[in-house]
Amino acid sequence: FIKKMIFGLSHLTFCSNNISHDLQYFIDCNYKESFNDNVYNHKSKSKFLSTYKEFHKIYFLKSQTNGPNLELIDYSNNNSRKSNSYKLINNNSIMMFSNDYKKDVNFLTNFIGFNKNGNNFTFKRSIPTWNINIKIKENNYKDENLIDDIGFVALSFLCKNINDLEDKLISYSCYDILPNYRLSVNKRKLKILIFKLPGGSFCELIESIK
């Protein structure tokens, strides 16, 4: 029932403190900029940020080789701490670092709809950019992750019935759940739901609204 509400991967979120360099890097890796926008930085996100500013810049990149789409974010602050949430392995695979392996596995397989094969987790849809492979690596990182740490900081999935999904997150041991909010991005109206997985990494659900 829950898994039918998740359509597919929207993008991987990458936080940058050198946007011109990182844009060129990903363009050299067969990505193409689809759009950029200056968007409202919802006040509720301030608990996840080293420094809060009212707006931030985003650059949405589409893969030219059927890899996942990327969203580069420039918060224009001074945080230089490296992300301890995710690391890109190759074109369509990412490493997720976890402080609670079993509960993260439960979330990925029973909430999102990943298939488990050993320590590999695959998410397959008919649209190639909606697919992603994940490996989970256990760690003992004590500090809470910030969403403006530098590097890959979040997985983002397209969904429907976001209010119903939000109500079910606690039963999967997710925490720091921000009540979903409305946001306009590239003239599209969206509902955004940001939270932390049981193992401490960020996840985001997005619903397109009229």
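The values are calculated or read from the model by the stated rules, or taken from the named source; none is laboratory data. As the structure is a prediction and not an experimental result, all values here were calculated from the model. In this analysis, Cβ positions are derived from the backbone assuming ideal geometry, glycine residues included, and neighbour counts consider all displayed protein chains. These area figures cover heavy atoms from the full protein model, side chains too; ligands, DNA and RNA do not enter into them. Shrake-Rupley method; radii C 1.70, N 1.55, O 1.52, S 1.80 Å.
Tabulated results
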item	result
Percent accessible area from carbon and sulfur atoms, region 171-210, protein chains only, probe 1.4 Å	48 percent
Cα-centre dipole for region 162-210 with unit charges at Cβ (Lys and Arg positive, Asp and Glu negative), debye to 20	380 debye
Dipole of region 122-187, positive direction: furthest Cα of Leu155, Ile170, Pro128, with charges on the beta-carbon	Pro128
Size of region 159-202 as Cα extents on the principal axes (Å, biggest first)	34, 20, 15
Å² per residue, accessible surface of region 5-132 at 1.4 Å	49 Å²
Cβ-based charge dipole, region 1-44, positive-most Cα from His11, Phe35, Gln24	His11
Along principal axes, Cα extents of region 1-97, largest first, whole Å	40, 34, 27
All-pairs alpha carbon distance profile, the chain, 5 Å steps from 0, percent	1, 7, 16, 21, 22, 19, 11, 3, 0
With DNA, RNA and ligands ignored, accessible area of Ser20 (1.4 Å probe; Å², nearest 10)	80 Å²
Kirkwood-type radius of region 78-177, with distances r between different C-alpha atoms, in Å	14.7 Å
Mean residue ellipticity (222 nm) of the chain, computed from DSSP H runs ≥ 4 via -39,500 (n - 2.57), nearest 500	-3000 deg cm²/dmol
For the chain: relative contact order, % (alpha-carbon pairs under 8 angstrom, 6 or more apart)	26 percent
Percent of beta bridges antiparallel (DSSP, the chain, rounded to nearest 5)	75 percent
Spatial extent of region 39-82: Rg and Dmax, with the Cα atoms as the point set, Å	12.8, 36
Magnitude of the charge dipole, region 52-204, Cβ model with Lys/Arg +1 and Asp/Glu -1, debye to 20	520 debye
Positive dipole terminus of region 33-157, leading residue within Asn99, Leu88, His56 (C-beta point charges)	Asn99
Apportionment of accessible area to carbon and sulfur, region 1-106, percent (1.4 Å)	47 percent
Student exercise, region 96-157 dipole from Lys, Arg, Asp, Glu Cβ charges, in Debye to nearest 20	460 debye
